[in-house]
1. Of all strands (runs of 3 or more DSSP E) completely enclosed by the stretch 279-344, which ones contain at least 3 residues that are more than 30 Å from residue 359 (Cβ to Cβ) and not β-branched (Val, Ile, Thr)?
2. Whether any residue in the stretch 64-72 is open to solvent by 10 Å² or more (accessible area, probe 1.4 Å), within 19 Å of residue 247 (Cα to Cα) and hydroxyl-bearing (Ser, Thr, Tyr) is what I want to check.
3. Tell me which residues, restricted to the stretch 227-252, are outside any strand (DSSP E or B), farther than 15 Å from residue 267 by Cα, more than 22 Å from the chain's Cα centre (by Cα) and of a type outside the set (Ser, Thr, Tyr).
4. List the number of the failed condition for residue 156; all other conditions in (1) open to solvent by 40 Å² or more (accessible area, probe 1.4 Å); (2) under 30 Å from residue 205 (Cβ atoms); (3) in a loop (DSSP other than H, G, I, E, B) hold.
5. Working carefully through the options 308, 376, find the one that is open to solvent by less than 40 Å² (accessible area, probe 1.4 Å), at pLDDT below 95 and farther than 22 Å from residue 401 by Cβ.
6. Check 245, 257 and return the single one that is within 17 Å of residue 109 (Cα to Cα), at pLDDT below 95 and open to solvent by 60 Å² or more (accessible area, probe 1.4 Å).
7. Residue 182 fails exactly one of the following numbered conditions: (1) of a type in the set (D, E, K, R); (2) in contact with a helix residue (DSSP H, G or I) (Cβ under 6 Å, 6 or more places away or on another chain); (3) at pLDDT below 90. What is the number of that condition?
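The values are calculated or read from the model by the stated rules, or taken from the named source; none is laboratory data. These figures come from a predicted structure and were not determined experimentally. Reconstructed Cβ throughout: ideal geometry from the backbone, glycine too, with neighbour counts over all protein chains shown. Calculation scope for accessible area: heavy atoms of the full protein, side chains included, ligands and nucleic acids excluded. Shrake-Rupley method; radii C 1.70, N 1.55, O 1.52, S 1.80 Å.
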Amino acid sequence: MEKSHTLKHFASTLISILFIAFSMHAQTGFTEYNGKVIDGRSNKILEAASLNINATNISTITNSEGEFTLKVPSAYLDSKVVISLLGYNSYVVPLSQLSVEDNTIKLYMAITELSAVSISAYKDAESLVRKVFDDKNKNLEESSVFMTAFYRETIKRRNRNVSLTEAIVNILKQPITSDQRDALQLGKARKSTDYKRLDTVSVKLQGGPFSTVYMDIMKYPEYIFTDESIGIYNFSFDNPSTINNRNVYVINFSPKNAFQDVNYIGKLFIDVESLALVSANYSLDLSNENKTKNLLVRKKPRDIEVYPLEANYKVDYKENGNKWYYSYSNLSLKFKINKKHELFNKVYTLASEMAVTDWEVNVADKKIKNKDKLKPSVIITDAISGFSDPDFWGEYNLIEPDKSIESAIDKIRRNIEKQKNRETKNSSNG
């Protein structure tokens, strides 16, 4: 019964796909720092490295090409920035030692050793995972939290961007002990969709930013781990790792029974000292096409069958003041669409990510008005208008676009400029 309940929630709210034919006050005055983060030995780019202004909640992460932009309010220019990534030693540098452009920051892999006593404290890995979820109230904030986050959603047909949506989202994160779901409000937003490239099928992500927020598995364990569903997985200890210069247990998990409707495979990273979940990386087993056909689909035309090829998920948490907070999540889906009477199938990749860039404990009990709340069923590409100028985001921190997205944005801007010129010319001729 638990299995079907999880599948129902998974398909209808977490990442359902649709097929069819209060804003935190921004600081005034800031300095922008740009650069990239690489492995100090191999020079390999490091994706999803976190950059955080020390003693504040201001942060950003690197993109898929290791690049970052960090906007720092003038009041914090004497601060230090902490750069961290799972498996690497953290690096702390004063902002005064950074230039505004072309910074290259090197991180070095950490060598982690845990004593046999540390691991033997738990009779097995499953007991450790159960303790993490049983004791989550101890590690997570008991008050609501107001967050500002950057959200990006992309759809590609083969390797070409056909839809791009970006938004600043305000999140009223409910306490871990509350049954209320998090409330989201749309702030700044922009989009572009090239329906010609989408061809005869329009692919849209239903839920928009909720698809990433619901990946907070400490707040929403029903999507993967409950008291009952933990028992359907095998758990084992992997080699330990490090994040923010602290040791973490690494737990592998996979289903005991390969014949379940939904099979997750992945890793959990658990802080040794606090036993808080630091990160989770997992994916769906999609090897059986007959079982997974149309699995992620909310609605589709009758003459179409959808086969998921990849479904990958990641969620990260960050510590502040001995409490842990949701900080980042992403999902990546790849699927093929077979349409009757068509010789070739179409392959699409859909990705979304959310990075919390600032937050504050909601001591003033702020609310998001009902009229301003996004609905969990929202299709974000239908809710906002087109792109704006390059300085659109102002002082908000965001995730730098990778080169393919950047090229798509440049093309959009050129097309907008051409359209304006045509309109001006026609107006003059008239």
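1. 304-320, 323-339
2. For the stretch 64-72, residues open to solvent by 10 Å² or more (accessible area, probe 1.4 Å), within 19 Å of residue 247 (Cα to Cα) and hydroxyl-bearing (Ser, Thr, Tyr): absent.
3. Within the stretch 227-252, 227, 228, 231, 232, 245 meet the criteria.
4. (3)
5. 308
6. 245
7. Looking at each condition in turn, residue 182 falls short on (3).
Per-residue answers, yes or no, for (1) more than 21 Å from residue 331 (Cβ to Cβ); (2) hydroxyl-bearing (Ser, Thr, Tyr); (3) out of contact with any Ser or Thr (no Cβ under 6 Å at 6 or more places or on another chain):
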site	(1), (2), (3)
227	yes, no, yes
230	yes, no, yes
245	yes, no, no
268	no, no, yes
285	no, no, yes
291	no, no, yes
297	no, no, yes
